[in-house]
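Student: Please see the structure below; I have some questions.
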There are 2 protein chains.
Amino acid sequence: MPGSGKSLLSSILKEKGYTVIVMSDSVRKRFEKDARHGERLMDYARRLREIYGEGIVARLSIEELKGREEKVAFDGVRNLAEVDEFSRLGKPLIIAVHASPATRYERLKRRMRADDSVREEDLRRRDMEEIALGIGGVIAMADVVVINDSTEEEFKRRAMEALGKLD
Amino acid sequence: MPGSGKSLLSSILKEKGYTVIVMSDSVRKRFEKDARHGERLMDYARRLREIYGEGIVARLSIEELKGREEKVAFDGVRNLAEVDEFSRLGKPLIIAVHASPATRYERLKRRMRADDSVREEDLRRRDMEEIALGIGGVIAMADVVVINDSTEEEFKRRAMEALGKLD
């Protein structure tokens with residue numbers, strides 16, 4: 001969910017030798033050539049899903065691989081159809097990062113502090129868009145949930161502990 | 001999600017002086033008088049939601065209150081419309097209990113050991129039914145997630161710690 005701190009988890013995975021594919025980047029490449037005037041990345045991705053199916057962003061992300069990677073992480077899974085696509089590569093492990101809405105909204109407001117107009121209502125609407133895509137199902141089926149309600153150091157410690165169990 | 005250990009959380013809340021309303025119990029009362037032949041409780045609840053709206057089970061559960069309770073917990077929220085219903089009583093806090101599918105399936109198999117025919121496929125299908133109801137969105141928007149991947153004692157300790165923060 002936005003503001004939960006999943007990009008921090010990606011950094012940790014990179015440090016541990018994972019190739020991290022940021023799923024929105026693989027959409028962004030097409031978006032830049034293909035988007036409609038004024039279309040948001042998120043709406044473009046929704047349009048791709050309507051045309052090519054719920055798993056399309058996962059398939060585009062798999063295309064990014066060179067085929068020589070040993071440990072791969074995909075950052076930004078939005079629905080369980082994407083997880084099914086990844087299972088063609090091997091048994092995928094779902095890692096979710098959780099923070100409460102109150103904590104996430106505080107972080108997002110801080111991050112966007114240049115723009116004072118950011119309202120809690122808008123952040124909540126964005127959450128509902130993510131949930132409509134199916135992200136809740138992915139979190140519900142996660143193999144690991146790392147809670148990010150404290151400091152960055154504490155989150156790193158928890159993430160390393162969780163990843164240690166998976167190795 | 002099934003097998004995550006949320007009824008254990010209910011026991012802890014009762015010990016802490018909460019009135020716990022088990023949402024499926026408030027459906028069961030009607031179910032016993034009203035169900036179709038061979039209908040499962042879950043399918044009956046789905047039918048209620050189709051007729052009376054997504055928040056119906058929450059409204060039936062609110063009806064169970066005597067109006068004199070100080071601290072109330074509702075056990076078994078399935079979608080965010082139910083959370084909206086509860087917000088008429090005051091600001092609700094969502095507590096989710098998480099365990100990985102592997103852990104949950106192991107527990108469920110143990111619990112149903114009299115019936116050897118229980119297959120992982122069936123447990124997964126039940127998970128997908130829960131997710132279709134919208135439970136993932138509730139987990140994604142949880143104020144607190146308590147991880148239940150260890151012993152009962154450790155879960156109790158984590159739950160008490162999390163509840164302590166909320167008081």
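Every number here is computed from the coordinates shown, using simple stated rules; none is lab data. Quantities reported herein were computed from a predicted structural model and do not represent experimental measurements. Ideal geometry is used to build each Cβ from the backbone, glycine not excepted, and the neighbour counts take in all protein chains shown.
Student: Using amide H atoms built in the peptide plane, which far-off residues or other-chain residues are under 5 Å from B:ALA73 H to H?
Tutor: B:THR19, B:VAL20, B:ILE21
Student: From the Cα trace of the protein assembly as shown, what convex hull volume per residue do you get, rounded to a whole Å³? The partial results should precede the final answer.
Tutor: Values: hull volume 59.8 nm³, N = 334.
Per residue, the Cα convex hull of the protein assembly as shown comes to 179 Å³.
Student: On to the next question. Just name one of B:VAL77, B:PHE31, B:ALA159: the one whose Cα is farthest towards the positive end of the charge dipole of the range B:6-166 (beta-carbon charges, Lys/Arg +1, Asp/Glu -1).
Tutor: Highest projection toward the positive end goes to B:PHE31.
Student: With respect to the symmetry axis carrying chain B onto chain A, which residue of chain B exhibits the smallest Cβ distance to that axis, and what is the value in whole Å?
Tutor: Here the nearest residue and distance are B:GLY136, 1.
Student: Another question, then. With an 8 Å Cα cut-off and a minimum separation of 6 or more residues, compute the relative contact order for the range A:12-134 in percent.
Tutor: Details: 87 pairs, mean separation 33.0, N = 123.
Dividing the mean separation by the residue count of the range A:12-134 yields 27 percent.
Student: Of the residues A:SER100, A:SER11, A:SER150, which exhibits the maximal mean-square fluctuation in a Gaussian network model of chain A defined by a 10 Å Cα contact cut-off?
Tutor: The residue that fluctuates most here is A:SER150.
Student: Separate question: How many nanometers, to one decimal and shortest first, lie between the label point of B:GLY53 and those of its other copies, if labels sit 7 Å from Cα toward Cβ?
Tutor: 3.8
Student: Something else about it: Taking 0.36 nm per residue of separation and subtracting the Cα-Cα distance, what length does fully extending A:ALA102 through A:SER150 add? Intermediate values should be presented prior to the final figure.
Tutor: Values: separation 48, 0.36 × 48 = 17.28 nm, distance 1.26 nm.
Residue separation times 0.36 nm, minus the Cα-Cα distance, leaves 16.0 nm.
Student: Using a 10 Å cut-off on Cβ atoms, rank the peptides B:124-137, B:13-26, A:62-75 from the highest mean neighbour count down.
Tutor: Numbers: B:124-137: 17.9, B:13-26: 15.9, A:62-75: 13.1.
Result, highest mean Cβ count within 10 Å first: B:124-137, B:13-26, A:62-75.
Student: Can you tell me the FRET efficiency between A:LYS109 and B:GLU130 if r is taken as the Cβ-Cβ distance and R0 is 35 Å, rounded to the nearest 0.05? Working shown, then result.
Tutor: Details: r = 33 Å, r/R0 = 0.93.
The computed FRET efficiency comes out at 0.60.
Student: Assume the label is 7 Å from Cα along Cα to beta carbon: what separations in nm does B:GLY164 have to the matching positions in the other copies?
Tutor: When each copy's label point is compared with this one, the spacings are 2.2 nm.
Student: Still on this structure: Where the label is 7 Å out from Cα toward Cβ, how close does B:LEU93 come to the same position in every other copy, in nm, shortest first?
Tutor: 3.2
Student: Moving on. Over the whole of A:129-139, what's the average partner chain Cβ count within 10 Å per residue? Rounded to a whole number, please. Show your work: numbers first, answer last.
Tutor: Numbers: counts 0, 2, 8, 1, 0, 3, 4, 11, 11, 3, 11.
Averaged over the peptide's residues, the number is 5.
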